[in-house]
Amino acid sequence: MAGRILLLVLFMNAAFLIVNAVPETCPADLGGKCGEDGEWEGEFFPGVPKIKYEGPSSKNPLSYKWYNAEEVILGKKMKDWLRFSVAFWHTFRGTGADPFGAPTKAWPWEDGTNSIAMAKRRMRANFEFLNKLGVDRWCFHDRDIAPDGKTLKETNSNLDEVVALAKELQGDKIRPLWGTAQLFMHPRYMHGAATSSELGVYAYAAAQVKKAMEVTHYLGGENYVFWGGREGYQTLLNTDMERELDHMAKFLEAAAAYKKKIGFNGTLLIEPKPQEPTKHQYDWDAATTLNFLHKYGLLGEFKLNIECNHATLSGHSCHHDLETARINGMLGNIDANTGDPQVGWDTDQFLTDVGEATMVMLSVIRNGGLAPGGFNFDAKLRRESKDVEDLFIAHISGMDTLARGLRNAAKLIEDGSLAELVRKRYSSFDTELGAQIEAGKADFEMLEKKAMEWGEPKVASAKQR
């Protein structure tokens, strides 16, 4: 009898394991139906309507309070000022994992694999999300949308298969704001990609960028981004910094040449970041990156993609790095996110500070907009957010914050008092001598003569200015 009971228990355990080892074929909405190929034919977000503008008085969390896409502000529609984009990696590959904890999220459509079939399902979910959110741009890393194969050839084939579906699902309206190659996650890139000490890695990275640029072009992408998360060093004791910087410049030079060869008219963007995961990253901030581009004669080939959280990690405000890029004619795109002032790493939170958003939008307006760039939400749900509706609520909050910032910035510009305050502060230069200084025609002898004539300068207070 004991033997029969033991046999029965073993049988039941085996049956349980078999049943649970089979992934659900249509998990997005179990109340719906499956196609003949086992793929879900219904909605991925069945409880979420198309998000609409309802105004500031609305209490509906699935509505826009401040973002009214067709509303005209300063002669341009809000959607054209903001050009919103959804980041595929955070939205559809984010798991909630952190260095201290396992994943907390598993979206209903996930089957636990990184197969081609699963990649296609995620892509379908992506486009349903975009359509319901009312956003017509998205951003991607190559390895986020398609899995690695056993060889580079097989990997490229996987990417082609998923990209073909994305092209079909995009239609005529949706396109990538930008694409990029993921040159930081795979162990081969532990020493960097364009700055790796291994020639084979440098060549592999070039091949990966070549393919990623091709598919971005094929999908109608408007920009292509370089983020060098591993392009830097842990210690200078074993690093030839000059040689690595030279290699990185040659890599970017080759990328710019290939862009022209394939007829890709998108803007090439470099995204500065000071550190993490590398101890010291070569494109530390906007100013450092501009100096690098100037030294290597690449200013005409690239612009900057400023990420707000990266700016604060480098010790600046987002507004500072935006202005640094803007006044040099190099502001191309913004990764819209923020960090936590109490946390010293890249937390990629959705921007919800209206004051900061207002400063950001002042830069954007002064820049004449961002096109062909835009605002990409390089931001993720917090570890504790597990509901699919949270994906919408988070993006809505980010979009409404920037829309409100746009409205505030427009009011400041239309009012004119801020501009007048700045003008008055520098009004002492609105003189003949001031004009000579700004034209480079005032030498030290001339200035010394004036200083002797005027005596001790009277400096106005901040309030007076």
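Output the number of residues of region 381-398 satisfying the condition of being within 16 Å of GLU110 (Cβ to Cβ) and assigned to a helix (DSSP H, G or I).
Summing the residues that are within 16 Å of GLU110 (Cβ to Cβ) and assigned to a helix (DSSP H, G or I) in region 381-398 gives 3.
Out of curiosity, is THR235 over 24 Å from LEU293 (Cβ atoms) and polar (S, T, N, Q)?
It is true that THR235 is over 24 Å from LEU293 (Cβ atoms) and polar (S, T, N, Q).
Out of the residues in region 49-97 meeting the condition of being in a strand (DSSP E or B) and touching a Ser or Thr at 6+ places or on another chain (Cβ under 9 Å), tell me which one is surrounded by the most Cβ atoms within 10 Å (Cβ to Cβ).
Within region 49-97, the match that is surrounded by the most Cβ atoms within 10 Å (Cβ to Cβ) is TYR64.
Can you tell which of LEU304, LEU290 is open to solvent by less than 50 Å² (accessible area, probe 1.4 Å), farther than 14 Å from TRP227 by Cβ and either in contact (Cβ under 8 Å) with a residue 24 or more places away in the chain or in the same structural domain as ASN328 (by the TED database) (or both)?
Exactly one of LEU304, LEU290 is open to solvent by less than 50 Å² (accessible area, probe 1.4 Å), farther than 14 Å from TRP227 by Cβ and either in contact (Cβ under 8 Å) with a residue 24 or more places away in the chain or in the same structural domain as ASN328 (by the TED database) (or both), namely LEU290.
Restricting attention to region 364-399, which residues are open to solvent by 10 Å² or more (accessible area, probe 1.4 Å), closer than 17 Å to ASP80 by Cβ and not aliphatic (A, V, I, L, M)?
ARG366, ASN367, GLY368, PRO372
Just give me the residues in region 249-274 being touching a helix residue (DSSP H, G or I) at 6+ places or on another chain (Cβ under 8 Å) and surrounded by 17 or more Cβ atoms within 10 Å (Cβ to Cβ), in sequence order.
Scanning region 249-274 gives ALA249, PHE251, ALA255, LYS259, PHE264, GLY266, LEU268, ILE270, GLU271, PRO272, LYS273, PRO274.
Restrict the check to region 105-122 and report whether at least one residue is of a type in the set (Val, Ile, Thr), farther than 30 Å from ALA371 by Cα and either in a helix (DSSP H, G or I) or in contact with a His (Cβ under 7 Å, 6 or more places away or on another chain) (or both).
Yes, region 105-122 contains at least one residue that is of a type in the set (Val, Ile, Thr), farther than 30 Å from ALA371 by Cα and either in a helix (DSSP H, G or I) or in contact with a His (Cβ under 7 Å, 6 or more places away or on another chain) (or both).
Can you find a residue in region 239-246 that is within 22 Å of the chain's Cα centre (by Cα), open to solvent by less than 40 Å² (accessible area, probe 1.4 Å) and β-branched (Val, Ile, Thr)?
no
On the basis of being closer than 27 Å to ARG404 by Cα, open to solvent by 10 Å² or more (accessible area, probe 1.4 Å) and of a type outside the set (D, E, K, R), does GLN342 make the cut?
Against the criterion (closer than 27 Å to ARG404 by Cα, open to solvent by 10 Å² or more (accessible area, probe 1.4 Å) and of a type outside the set (D, E, K, R)), GLN342 qualifies.
Assess whether GLY220 counts as being open to solvent by less than 20 Å² (accessible area, probe 1.4 Å) and either on the phi < 0 side of the Ramachandran plot or assigned by the TED database to the domain that holds MET123 (or both).
Against the criterion (open to solvent by less than 20 Å² (accessible area, probe 1.4 Å) and either on the phi < 0 side of the Ramachandran plot or assigned by the TED database to the domain that holds MET123 (or both)), GLY220 does not qualify.
Restricting to region 415-442, what's the tally of residues that are surrounded by fewer than 10 Cβ atoms within 10 Å (Cβ to Cβ) and charged (D, E, K, R)?
Count: 1.
Consider LEU169 carefully, then state whether it is open to solvent by less than 20 Å² (accessible area, probe 1.4 Å) and not in a loop (DSSP other than H, G, I, E, B).
Spelling it out, it is not the case that LEU169 is open to solvent by less than 20 Å² (accessible area, probe 1.4 Å) and not in a loop (DSSP other than H, G, I, E, B).
Output the helices (runs of 4 or more DSSP H) that fall wholly within region 404-465 and possess 1 or more residues being closer than 27 Å to THR352 by Cα, or say none.
Result: 417-425.
Which is modelled with pLDDT of 95 or more, in contact with a strand residue (DSSP E or B) (Cβ under 8 Å, 6 or more places away or on another chain) and of a type in the set (Gly, Ala, Ser), of GLY405, GLY355, GLY373?
Of the residues listed, the single one that is modelled with pLDDT of 95 or more, in contact with a strand residue (DSSP E or B) (Cβ under 8 Å, 6 or more places away or on another chain) and of a type in the set (Gly, Ala, Ser) is GLY373.
Just the residues that are outside any strand (DSSP E or B) and among the aromatic types (Phe, Trp, Tyr), please, taken from region 177-219.
PHE184, TYR189, TYR202, TYR204, TYR218
The values are calculated or read from the model by the stated rules, or taken from the named source; none is laboratory data. Please read all numbers here as calculations on a predicted model, not as lab measurements. Positions of Cβ are backbone-derived with ideal geometry, glycine not excepted, and every protein chain shown enters the neighbour counts. Surface accessibility is based on the protein's heavy atoms, side chains included, excluding ligands, DNA and RNA. Shrake-Rupley method; radii C 1.70, N 1.55, O 1.52, S 1.80 Å.
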